[in-house]
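Worksheet: the structure to be examined is printed underneath.
The values are calculated or read from the model by the stated rules, or taken from the named source; none is laboratory data. Treat the numbers as computed from the prediction; the structure is a model and nothing was measured. In this analysis, Cβ positions are derived from the backbone assuming ideal geometry, glycine residues included, and neighbour counts consider all displayed protein chains.
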Amino acid sequence: MLKRKVKTALLTSLFSWVSIIILGVIIGVIYKISGGADKISPAIGSLFLIIILIVPIVLVVGIPISMLSDTLTKNTRSKYRRLYSLSIHVGSGLLLHVFVFPISYQPNILSYLLNYSFYLGIIVIISSIFWIIDEMRKNKPSFIENTNAN
């Protein structure tokens, strides 16, 4: 299981890099069209930092969260097992965000959401990518199992 999770984490990092680069281009174009005063948008500067930190964060945080999600949902026979698993992946990422950027530094929850909504969106995207890749790899029958069944 750990080998599959590491491969999933590396694939997630790759797809996240591509997604973030595309997002950065879109944000840069919007920033320039809207008449941004600086040569580079502050959000694009943050994207470079996020790209550097994706692999370690996904490996150190994503794999244990995914293993926890599998453990908590493995006996669930409900049609909602995937929804529970997705909720654990995204919810854990958002909870970690609250620990890294505490709400107590902001005057109210709306101010917090406005200041950190970009990062919250990135977390939701990356954790969702991890979940999608993990579910696809988990449910993909292996070639050996298919040949032994015949």
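Residues in region 95-111 that are closer than 30 Å to MET1 by Cα and surrounded by 15 or more Cβ atoms within 10 Å (Cβ to Cβ) were compared, and the one that is modelled with the lowest pLDDT is HIS97.
With respect to (1) touching a Ser or Thr at 6+ places or on another chain (Cβ under 7 Å); (2) touching a residue at least 12 places away in the same chain (Cβ under 8 Å), the lone exception for SER92 is condition (1). ILE40 fulfils the conditions (1) part of a helix (DSSP H, G or I); (2) touching a helix residue (DSSP H, G or I) at 6+ places or on another chain (Cβ under 8 Å); (3) at pLDDT below 80; (4) not aromatic (Phe, Trp, Tyr) except for a single criterion, (1).
All of LEU86, LEU53 fail the test of being touching a helix residue (DSSP H, G or I) at 6+ places or on another chain (Cβ under 8 Å) and either farther than 28 Å from LEU2 by Cα or at pLDDT 75 or above (or both), apart from LEU86. Scanning for something in a loop (DSSP other than H, G, I, E, B), modelled with pLDDT of 75 or more and surrounded by fewer than 12 Cβ atoms within 10 Å (Cβ to Cβ), does region 116-132 turn up at least one residue? There is no residue in region 116-132 that is in a loop (DSSP other than H, G, I, E, B), modelled with pLDDT of 75 or more and surrounded by fewer than 12 Cβ atoms within 10 Å (Cβ to Cβ).
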